[in-house]
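Please read the structure below before turning to the comments.
The values are calculated or read from the model by the stated rules, or taken from the named source; none is laboratory data. Computed from a predicted structure; not experimentally measured. We place every Cβ from the backbone using ideal geometry, glycine too, and count neighbours over all the protein chains shown.
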Amino acid sequence: SKDIIATPLPPPDPQVHRLEIDASPWGEGDGGILFENNVPRRYFSCTWSVVAFAGKKVDTGSSSSQTFFETLVMVLALELWGQTLRPTVVLGDSTAALQEALSLRGKGLQEDIAQARSVLVGARSLTVTVGHLPAAANLDADALSSLAEPNGSYTDPFEHSRDVIRDVPLRPSVLWEWIR
């Protein structure tokens, strides 16, 4: 039995089950896509109001909160599509948010998000691997996160697809309830 326990598991295959995520640099929107067998199956796009972050030191409309929103979209995607006993690969273009996800410590603004992610991972026994997806390759998640941009230059990449289901993620206030 020691040999079996000591044998490392193979890394998860991002083609089998992966999440691609992105957040607006202004905190106006987040987007995520679930890929199964390298095909988009589900997605979400949401916009936030300042009210969603009452009591938090989040500066919506400022790039200073970018890592917070990138980490938030990861937690929302994991809550929607992370499955027990199924390794999940999360790809995003923010190396700072990916590092926060790995550390699970969170300081300052990231503390509540780190705690919510820890609760989620522990409650579901999730196995999560993160990886960097260059912004130039993160086009669909980027478009989803930018739908609420004031200039309105982005469109929903799945708007006319009947094969990709649109989901609604938890509101951030639900995450805050987990850690009270």
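Tabulated values for the structure
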| quantity | calculated |
| --- | --- |
| Complete set of residues in region 129-180 that are assigned to a helix (DSSP H, G or I), closer than 30 Å to Thr84 by Cβ and of a type outside the set (D, E, K, R) | Ala137, Ala141, Leu144, Ser145, Pro172, Ser173, Val174, Leu175, Trp176, Trp178 |
| Candidate set: region 61-84, residues that are surrounded by fewer than 17 Cβ atoms within 10 Å (Cβ to Cβ) and without any contact (Cβ under 8 Å) to a residue 60 or more places away in the chain; chosen: the one nearest to Ser118 (Cα to Cα) | Thr84 |
| Which listed residue, of Pro134, Pro169, is of a type outside the set (Gly, Ala, Ser), modelled with pLDDT of 90 or more and surrounded by fewer than 18 Cβ atoms within 10 Å (Cβ to Cβ) | Pro134 |
| Residue selected from region 145-166 under the condition modelled with pLDDT of 90 or more and hydrophobic (A, V, I, L, M, F, W, C), by the criterion surrounded by the most Cβ atoms within 10 Å (Cβ to Cβ) | Phe158 |
| Selection count where residues are more than 13 Å from Glu149 (Cα to Cα) and of a type in the set (S, T, N, Q), scope region 30-48 | 2 |
| Some residue of region 130-144 being on the phi > 0 side of the Ramachandran plot and in contact (Cβ under 8 Å) with a residue 12 or more places away in the chain | no |
| Failed criterion for Ser94 (all others in (1) surrounded by 19 or more Cβ atoms within 10 Å (Cβ to Cβ); (2) of a type outside the set (Lys, Arg); (3) more than 13 Å from the chain's Cα centre (by Cα); (4) farther than 20 Å from Val174 by Cβ hold) | (3) |
| Search result, residues across region 25-34 that are at pLDDT below 95 and surrounded by fewer than 24 Cβ atoms within 10 Å (Cβ to Cβ) | Pro25, Trp26, Glu28, Gly29 |
| Index of the failed condition, Arg105 passing every other in (1) at pLDDT 80 or above; (2) part of a loop (DSSP other than H, G, I, E, B) | (1) |
